[in-house]
Amino acid sequence: MACCHYVPLEGHESAFSVDRNPITFGRGVLEEIGPWARALGLTRVAVLTDPRVRELEPFERALSSLHGAGADVALYDEVKVEPTDRSFLAAAEFAVEAKVDGFVSIGGGSVIDTGKAANLYATHPAELLTYVNAPIGEARPVPGPLRPHLACPTTSGTGSECTGIAIFDLLSLKAKTGIAHRHLVPTRALIDPDTAETLPGPVVAASGFDVLSHALESFTARPFTARSKTDPLSRPLSQGANPWSDVGCREALRLCGRYLVRAVHDPTDRVARENMMWAATLAGIAFGNAGVHVPHGMSYAVAGLVDSFSPDGYPQEEPMVPHGMSVIVNAPAVFRRIAATSPERHLEAAEVLGADARDAEPGEAISGRIAEMMKETGMPNGISGVGYRRSDVAALTEGTIVQRRLLDNAPLPVDRELVAELFASSLTCW
């Protein structure tokens, strides 16, 4: 079943690449940071985190491990919940001034993405837009390897520790964009499920739906065989769905269906929270290899244009839509619309997530199961639930259509008309 979806066409790709970094997963592995840093020859390390993680006991254990291994630590604890171009450059400037020879990021996806960006701009200085994805930036390739980077996630969601992608808000455009290159992939990921036990339920929900979306979008992305054949060294990070990514997607979806709701409602359910951490890792490997598509492309506009929404469980300093939430409010409408491109895959995904999909129409089965899980975990009912109105559809569409790296990975052509249709359908999910 794994390969029957992939039929090479004349002049198109017939091969896919498996690129991933080493991973260490298990309770207590934050205490291994010191030995890994020493093995990489690091002597002065930039440790990036945010003010909330800085106060947690697992962070102190990690810091103690680094000190015990003889590493000199330069601590940067000013990472933003939603990174911006300014915060990326501020972290890079810190790293340059601190004269570090490596990076450790301990936190959620925002912290790990900031670590990637700081490493990039400290190692290969350039104007910010030099490496940023087109058409917003110049999308120039990263000229060479970066310094060692140990990535340690503390949320069960982004999978950033497994990818070469760094996302941020470009303040001048009020839009999210990012940088994508293999050299941004962290040197090693250290994933400690103990860090998930203190997360508020709303944070577990938002990050968990990011996991679900990573897996489902990668599973339904344009097949790698639909891409034109290119120089093998230029094969993109987001190469499309392939047999390798399918393995991680299926298991991540199964774990989400079984454990996401449990993990949100019961912080003492260590089994559920550990399994969501593992699901995040699997989905991160999968989408780092296959790529996501329309829900993530739409999410950048939803997060970038937010006016007044402030979610429970997050800092209330300024309006924001957490990343996983900004993705999932679009997902039911998207998968209802695109299910016809691969009905069997959408139906399989619905069943793996726990839907009773017997005799069901694939689009309704998968969108209905997602909406059911959103209700059970207190997610907003569509984009209207985070403050948007029908009159905002045009602006949201313009903020999305520039995300070609994502939209072009979809299993069907995506133009303005389709994006506008999807936003109108996403005003409510049920």
Could you tally the net charge around I401, taking each other residue with its Cβ under 14 Å from the Cβ of I401, Lys/Arg +1 and Asp/Glu -1? -1
Contact order normalised by length for segment 200-425, with contacts defined as Cα pairs under 8 Å and 6 or more residues apart; what percent is it? 26 percent
Contact order normalised by residue count of segment 23-196, Cα under 8 Å, 6+ apart, percent: 26 percent
Cα centre as origin, Lys/Arg/Asp/Glu Cβ charges: segment 23-196 dipole, Debye: 400 debye
On a full-extension model of 0.36 nm per residue, what is the gain between R61 and K174, subtracting their alpha-carbon distance, rounded to one decimal in nm? 36.9 nm
Assuming 0.36 nm per residue, please report the length gained on full extension of the stretch T198 to K99 beyond their Cα-Cα distance. 32.3 nm
Sort 136-145, 300-309 for me by packing, meaning the mean count of neighbouring Cβ atoms within 10 Å per residue, highest on top. 300-309, 136-145
Can you give the Rg to Rh ratio for the chain, taking only C-alpha atoms and Rh from Kirkwood? 0.94
Of R258, R336, R358, which has the largest mean-square fluctuation in a 10 Å C-alpha GNM of the chain? R358
Apply 1/(1 + (r/R0)^6) to the Cβ-Cβ distance of S308 and K375, taking R0 = 22 Å, and write down the FRET efficiency to the nearest 0.05. 0.40
Taking Cα pairs closer than 8 Å and at least 6 residues apart, the relative contact order of the chain in percent is 16 percent
Return the single residue from P236, P193, P295 with maximal mean-square fluctuation; model: Gaussian network over the chain, springs between Cα atoms under 10 Å. P236
Nearest 500 deg cm²/dmol is fine: what mean residue ellipticity at 222 nm does the chain get from its DSSP H runs of n ≥ 4 alone, each adding -39,500 (n - 2.57), divided by its residue count? -13500 deg cm²/dmol
Between R44 and R86, how high is the FRET efficiency from 1/(1 + (r/R0)^6) when r is the Cβ-Cβ distance and R₀ = 25 Å? Nearest 0.05. 0.50
Could you list the residues of segment 283-320 with an amide nitrogen less than 20 Å from a label point located 7 Å from the Cα of R404 in the Cα-to-C-beta direction? 291-301
Residues other than V386 with Cβ under 13 Å of its Cβ, Lys/Arg counted +1 and Asp/Glu -1, net out at -2
Among 196-202, 110-116, how do they line up from the highest to the lowest mean number of other beta-carbon atoms within 10 Å? 110-116, 196-202
Lysines within cross-link reach of K116: Cα-Cα under 27 Å, excluding same-chain residues under 8 positions apart? K80, K99, K174, K176
Cα centroids of segment 344-397 and segment 189-259: how far apart, whole angstrom? 17 Å
Max mean-square fluctuation residue, GNM over the chain, Cα-Cα springs under 10 Å, options A91, A15, A46: A15
Expressed in nanometres to one decimal, the distance between label points 7 Å along Cα→Cβ at R416 and E78 is 4.0 nm
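Here, each number is a calculation from the coordinates, and none is a lab measurement. What you see is a predicted model; the values in this text were computed from it and never measured. Neighbour counts are summed over all protein chains in view; Cβ atoms, including those assigned to glycine, are modelled from backbone coordinates with ideal geometry.
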